[in-house]
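See structure below.
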Amino acid sequence: MVLRNLLQLFFLITVFSCTAVKPVVEDTLISVKELVKDPETALVDVRVPEQFTEGSAANSVNIPLATIENNLDFFRKQKNTVIFCNTGRQANVAMTVLKKNGIKNVHYGKTLKNVKAIQAEK
């Protein structure tokens with residue numbers, strides 16, 4: 001039983017870490033740069049809490065990918081949301097989950113580095 005659970009866990013980790021993820025098509029009418037700079041936009045870091053506490057974008061909140069579906073009401077209440085992570089993979093998966101659940105006001109910010117660079121622009 002334990003071995004089977006470990007094998008399942010290994011399979012899931014392998015699928016999520018090694019699979020090339022096709023990026024979710026982003027709205028071309030709304031610039032992610034404009035959204036990141038808009039104080040009404042929720043910035044959501046989908047990394048694990050340990051990574052988030054090490055540092056994230058200014059004014060961002062942490063909703064780990066594993067808990068996205070438990071937080072759908074949060075996303076529905078936002079005017080706009082920009083999702084990001086370390087490499088963009090988890091953010092892309094989060095975007096897919098949210099879109100499948102009818103959340104349309106989410107935008108792909110790609111990486112933490114990208115969001116921080118936008119925030120640093122004058």
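Computed values, structure above
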{"item": "P39, sole failed condition from (1) free of Cβ contacts under 8 Å to residues at least 24 places away in the same chain; (2) in a helix (DSSP H, G or I)", "result": "(2)"}
{"item": "Residue among L65, L72 that is under 20 Å from E40 (Cβ atoms), out of contact with any Cys (no Cβ under 7 Å at 6 or more places or on another chain), in contact (Cβ under 8 Å) with a residue 12 or more places away in the chain and of a type outside the set (D, E)", "result": "L72"}
{"item": "Residue list for the stretch 95-122, filter: part of a helix (DSSP H, G or I), within 21 Å of E40 (Cβ to Cβ), of a type outside the set (D, E, K, R) and in contact (Cβ under 8 Å) with a residue 24 or more places away in the chain", "result": "M95, L98, L112, N114, V115, I118, Q119"}
{"item": "Odd one out for V44, checked against (1) at pLDDT below 95; (2) in contact with a strand residue (DSSP E or B) (Cβ under 8 Å, 6 or more places away or on another chain)", "result": "(1)"}
{"item": "Filter result (closer than 20 Å to K33 by Cβ and of a type in the set (S, T, N, Q)) within the stretch 46-57", "result": "S56"}
{"item": "Residues of the stretch 65-94 satisfying the condition of being in a helix (DSSP H, G or I) and of a type in the set (F, W, Y)", "result": "F74, F75"}
{"item": "Every residue from the stretch 58-93 that is within 19 Å of V36 (Cβ to Cβ) and either touching a Phe, Trp or Tyr at 6+ places or on another chain (Cβ under 9 Å) or among the acidic types (D, E) (or both)", "result": "S60, V61, N62, I63, T81, V82, I83, F84, G88, Q90, A91, N92"}
{"item": "Boolean, T28 is more than 13 Å from V93 (Cα to Cα), β-branched (V, I, T) and either surrounded by 15 or more Cβ atoms within 10 Å (Cβ to Cβ) or at pLDDT below 70 (or both)", "result": "yes"}
{"item": "Filtered residues of the stretch 89-112 (kept if out of contact with any strand residue (DSSP E or B) (no Cβ under 9 Å at 6 or more places or on another chain), among the polar types (S, T, N, Q) and within 20 Å of K77 (Cβ to Cβ))", "result": "N101"}
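The values are calculated or read from the model by the stated rules, or taken from the named source; none is laboratory data. This is a predicted model, so every value here is computed, not measured. Counting neighbours? That spans all protein chains shown, and the Cβs are built from the backbone with ideal geometry, glycine included.
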